[in-house]
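I have placed the structure first, in the form of structure tokens, so that the comments after it can refer back to it.
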Amino acid sequence: MTVSGAELTAHLERCGFDFFAGVPCSLIEDVIAALEAHPRLPYVAVPREDVAVGMAAGAWFAGRRPAVLMQNSGLGTSLNALASLSLMYGFPALLVVTWRGYRGKDAPEHILTGEISPRLLELLRIPYRTLAADTIDTDLAWVVETMEAAMQPVALLVPPGIVETGQAAHGHGASHPAQAGTRPPANLPAGLVPRLSRLDAIAATRKALGHEPAIHANGYMCRESFSLGDRPENFYMIGSMGLASAIGLGLSLMDSRTPTVVLDGDGNLLMNLGIMPLVGALRPSRFVHVVFDNEVYGSTGSQRTITAETRLDRMADAAGYRTVTAVTDADAITQAVRQALDSDGPHFVLAKVTAEEASVPRIPYTPHQLRDRFRAIMQG
């Protein structure tokens, strides 16, 4: 017994799932086709599975019930995102995981992953069921009850032959916003000489903020911002390096009432460069991406990154951000962020800063406290 992609999508919608992101797999190609053509349900095709996990967290902050679609190979790609974001903070989401290598029958590259997929979920302590076409209603009812009660992701393993394939044509529905025309390259400075510490640059950025939500990349950046004065609109990341921009993008796409600000670092952004063309393609109009570039991995001993040789602002310009600015002094940072908050984006602000790090204490909140107070602000 099989189920069509359209039927499974309808089941998911009836269960309240209203945000989808993932990386394609042929086992659910008809589900993806149904989502692409759907007039209401947003589906975002992401460059990596961990990006989808981060975007699902942002969409949940906006009040959505998210689902992440991935091949079981994506469990490996998203391992850190699941462990140090979804599970540590407690973000409910459905993981639709296709089971390549099921019972040892597949191409060689899928056999080992197919064998260990259930054990990977067990090691992560993620509850799961194996989807069957004749138990979809009870399987999805269990998913919703379990993920909401436990406040964590729950998985459905989808073996071959459960979902029909090759029946649906791919469309362009709610997941593909209209694209803006091409624009001339940004007028960026030839060289950037840092003048400020990151602490001072963060202070200059915060000077421009009112009550906008601000997703903080992990590391000393969170602690430095907290030392300048806590605000409930701040979401401080403890782990999940590289995913601040994905969380911010998910939030911005699903809640455009106010600008979403991402305070990022060069090391964090280098771990997730695929987010830049994704932002450029989706063009969230209230997305402000501020990157403090000190050319080092500060939290691990100030080892060099590659941003002395590779300019992140030029990459953002090529990726398609509506505006790109590179700044080095406090007034210019404040002005650039204010202008970004007051106009349609997406915007990218690169603040070149020194490698100096302030001596600041740890943030005294638990991950659950950080999650709950930020969602309360977003829902308020």
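From the list Ser26, Ser86, Ser73, pick out the single residue that is hydroxyl-bearing (Ser, Thr, Tyr) and over 20 Å from Asn272 (Cβ atoms).
From the options Ser26, Ser86, Ser73, the qualifying one is Ser26.
Looking for something hydroxyl-bearing (Ser, Thr, Tyr), modelled with pLDDT under 95 and more than 21 Å from the chain's Cα centre (by Cα) - is there at least one such residue anywhere in the range 364-380?
So far as the range 364-380 goes, no, none of its residues is hydroxyl-bearing (Ser, Thr, Tyr), modelled with pLDDT under 95 and more than 21 Å from the chain's Cα centre (by Cα).
Identify the single condition in (1) modelled with pLDDT of 95 or more; (2) touching a strand residue (DSSP E or B) at 6+ places or on another chain (Cβ under 6 Å) that Pro277 does not satisfy, given that it satisfies every other one.
So Pro277 meets the others, but not (2).
Out of all the residues in the range 66-107, which are of a type in the set (Phe, Trp, Tyr) and at pLDDT below 95?
Correct list: Tyr102 only.
The values are calculated or read from the model by the stated rules, or taken from the named source; none is laboratory data. None of the values given here were measured: they were computed from a predicted structure. A quick note on method: Cβ atoms are made from the backbone with ideal geometry, for glycine too, and the neighbour counts reach across all protein chains shown.
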